[in-house]
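Trainee: Dropping a structure here in structure tokens format, bear with me for questions.
The values are calculated or read from the model by the stated rules, or taken from the named source; none is laboratory data. Keep in mind it's a predicted model, so treat the numbers as computed, not measured. Note: ideal-geometry Cβ built from the backbone for every residue, glycine included; neighbour counts use all protein chains shown. Surface areas here come from the heavy atoms of the whole protein model, side chains and all, with no ligands, DNA or RNA. Shrake-Rupley method; radii C 1.70, N 1.55, O 1.52, S 1.80 Å.
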Amino acid sequence: MMLGFLLARAGLTVTVLEKHADFFRDFRGDTVHPSTLEILYELGLLDEFLRLPHSEVRKLTGQVGETTLTLADFTHLPVHCKFLAFMPQWDFLNFLAGQARVHPSFHLEMRAEVTGLMFADATVGGVRVRTAGGERELRADLVVAADGRDSRVRAAAGLQAIDFGAPMDVVWMRLSKQPGDPEQIFGRIDFGRIFVMLDRGDYWQCGLVIPKGGLAEMQRRGIDALRNDITEMNPFLSDRVAELRTWDDIKLLTVQVNRLREWCRPGLLCIGDAAHAMSPIGGVGINLAIQDAVAAANILIPELRHGAAVPIEALRRVQRRRELPTRVTQRAQLMIQNNVIKRVLGRRGRMRPPLVVRALGASPLLQRIPARLLGLGFRREHVNC
Ligand SMILES: Cc1cc2nc3c(=O)[nH]c(=O)nc-3n(C[C@H](O)[C@H](O)[C@H](O)COP(=O)(O)OP(=O)(O)OC[C@H]3O[C@@H](n4cnc5c(N)ncnc54)[C@H](O)[C@@H]3O)c2cc1C
């Protein structure tokens with residue numbers, strides 16, 4: 001959607017195809033990081049965006065065992081928004097779609113599912129689309145696969161991913177927020193248990209990290225056991241765990257970490273999760289996808305303005321530009337997954353914060369480091385098209 005907006009803003013004709021009728025996905029990524037907010041500022045959209053309902057987190061606070069610590073302080077970042085914004089992904093997407101529609105060359109088709117690619121020799125020349133009106137072909141100078149981690153387009157192009165694996169999955173659930181609840185707490189970590197809590201205004205979006213494939217075992221233990229685990233970790237939630245009535249109230253995120261070897265073919269480019277599924281650590285998936293879109297727009301708009309086929313070299317430039325930040329972020333996520341999460345989930349008992357975490361909690365200066373890594377990421381893109 002972001003790339004569609006940027007292309008249309010540059011006067012290029014663009015069609016965004018979305019297979020669903022709306023953008024509503026419960027428990028989808030909702031963290032909008034300062035780097036993305038800065039892009040909205042550069043586009044002159046920030047004030048309007050911030051008028052939408054959202055919450056702002058300036059400091060991340062977590063609980064390790066019995067100790068509550070501040071882990072990241074965003075208030076010193078050198079950008080306009082010194083906070084993480086939490087906004088439902090459908091609101092963000094509807095906002096971008098609304099901004100894009102202002103441009104007459106932008107077209108958004110909902111309930112339009114890409115079923116395959118059209119090739120002319122070895123070059124991708126368009127897509128096949130299934131709509132309520134039947135199947136049709138849509139020709140294009142360039143096809144961009146931004147169809148997520150299960151990308152059908154990348155499979156149709158025969159692009160191969162390197163899979164890095166993950167020792168965990170996450171189950172998401174929603175619990176109501178009550179007066180007197182702690183402010184801006186980010187969750188709790190203890191041996192055997194990691195529980196994340198995102199403040200969504202009138203409710204908590206809660207994520208329980210479980211060993212990979214552990215949902216079946218969790219269901220075997222029963223929903224009461226899950227309620228007890230949550231209450232043990234967060235006694236203040238005891239009065240509302242009954243809101244989790246059945247397993248339908250719990251959604252599984254199967255964690256994947258992977259990256260395409262090649263992000264493009266002649267006539268085709270993959271970006272976002274279609275090029276690289278990120279671990280949920282740091283909640284950076286949306287932001288990397290947005291940065292990919294900005295980099296792609298910066299590199300491709302001058303090429304597309306020529307009106308001819310985009311040279312494969314330009315598509316490779318997008319990959320070269322975005323592969324480094326993807327690699328660095330995934331490497332950091334894999335290090336945390338394998339050295340922290342795996343060990344924490346594999347043990348039982350009360351955890352004491354390790355020295356490095358205690359030092360972080362005690363030093364406001366040190367708290368600026370994770371804030372910078374998380375909030376701005378590696379190799380920030382700027383809109384220059
Ligand atoms: C449960 C969950 C929680 C997450 N939490 C966070 C978080 O807190 N913060 C964060 O930054 N990231 C989070 N992420 C990751 C984040 O959602 C993604 O990294 C980000 O949305 C990637 O954007 P994208 O545009 O590449 O793909 P997506 O957001 O997956 O968008 C792909 C779109 O393509 C559509 N589509 C798929 N196939 C087709 C087709 N054949 N034809 C037409 N349309 C198609 C889909 O319906 C979808 O709308 C989470 C992911 C999940 C699954």
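Trainee: Find the accessible area per residue for segment 294-385; the probe is 1.4 Å, ligands and nucleic acids are left out, and the unit is Å².
Mentor: Numbers: 5350 Å² over 92 residues.
Accessible surface, normalised per residue, equals 58 Å².
Trainee: Going by accessible area, probe 1.4 Å, with all protein chains left in place, what is the ranking of Thr13, Thr326, Thr61, largest first? Mind dumping the intermediate values first?
Mentor: Numbers: Thr13 115, Thr326 0, Thr61 30 Å².
Order by accessible area, largest first: Thr13, Thr61, Thr326.
Trainee: Roughly how many nanometres apart are two label points built 7 Å out from the Cα toward the Cβ at Glu232 and Arg343?
Mentor: Inter-label distance under the simple model: 2.2 nm.
Trainee: Using protein chains only and a probe of 1.4 angstrom, how many square angstrom of His382 are accessible, to the nearest 10?
Mentor: 80
Trainee: What residue among Ile250, Ile281, Phe236 has its Cα farthest toward the positive end of the dipole of segment 221-329, where the charges are +1 on Lys, Arg and -1 on Asp, Glu, each on the Cβ?
Mentor: Ile281
Trainee: Taking springs between alpha-carbon atoms closer than 10 angstrom, which of Asn339, Asn298, Asn258 fluctuates most in the Gaussian network model of the chain?
Mentor: For the chain, modelled as a Gaussian network with Cα springs under 10 Å, the answer is Asn339.
Trainee: Based on DSSP H runs of at least 4 residues, each adding -39500 (n - 2.57), what is the mean residue ellipticity at 222 nm of the chain after dividing by all its residues, to the nearest 500 deg cm²/dmol? Provide the component values of the computation, followed by the final result.
Mentor: Details: 12 runs with 125 residues, N = 385.
That calculation yields -9500 deg cm²/dmol at 222 nm.
Trainee: Once the other residues with Cβ under 10 Å from the Cβ of Arg152 are scored (Lys, Arg +1; Asp, Glu -1), what is the net sum?
Mentor: Numbers: positive: Lys19, Arg154; negative: Glu113, Asp147, Asp150.
Residues close to Arg152 contribute a combined charge of -1.
Trainee: Counting only protein heavy atoms, what percent of the accessible surface of the chain is carbon or sulfur at a 1.4 Å probe?
Mentor: Details: 9460 of 17850 Å².
Roughly 53 percent, rounded to a whole number.
Trainee: So, R0 is 56 Å and r is the distance between the beta-carbons of Arg352 and Met110; what FRET efficiency does that work out to, to 0.05? Kindly include the intermediate steps, with their values, before the conclusion.
Mentor: Details: r = 51 Å, r/R0 = 0.91.
E(calc), rounded to 0.05, equals 0.65.
Trainee: Just add up the charged neighbours of Ala371: K/R +1, D/E -1, any other residue whose Cβ is under 12 Å from the Cβ of Ala371.
Mentor: Residues close to Ala371 contribute a combined charge of +4.
Trainee: Set the Förster radius R0 to 25 Å, insert the Cβ-Cβ distance between Arg305 and Ala132 as r into 1/(1 + (r/R0)^6), and round the FRET efficiency to 0.05.
Mentor: That gives a FRET efficiency of 0.15.
Trainee: So, one more: Taking a probe of 1.4 Å, how large is the accessible area per residue of segment 45-118, in Å²?
Mentor: Details: 3210 Å² over 74 residues.
That works out to 43 Å² per residue.
Trainee: For Gln160 paired with Val328, estimate the spin-label separation in nm (one decimal), with each label point 7 Å from Cα along the Cα-to-Cβ line.
Mentor: 2.8
Trainee: To the nearest 10 square angstrom, what accessible area does Leu269 show with a 1.4 Å probe?
Mentor: Roughly 0 Å² of Leu269 is accessible to a 1.4 Å probe.
Trainee: Pairs of lysine in the chain with Cα under 23 Å and at least 8 positions apart or on different chains: total?
Mentor: Working: Lys19/Lys251; Lys59/Lys82; Lys59/Lys177; Lys177/Lys251; Lys212/Lys251; Lys212/Lys342; Lys251/Lys342.
So the count of such lysine pairs works out to 7.
Trainee: Among all helices in the chain defined by DSSP H, which have a length of 20 Å or more along the axis from Cα atoms plus a Kyte-Doolittle mean of at least 0.0?
Mentor: Those that pass (Cα extent of 20 Å or more, hydropathy at least 0.0) are 285-305.
Trainee: Still on this structure: Taking 22 Å as R0, compute the FRET efficiency from the Cβ-Cβ separation of Arg379 and Leu45 and round it to 0.05. Working shown, then result.
Mentor: Numbers: r = 22 Å, r/R0 = 1.00.
Rounded to the nearest 0.05, the efficiency is 0.50.
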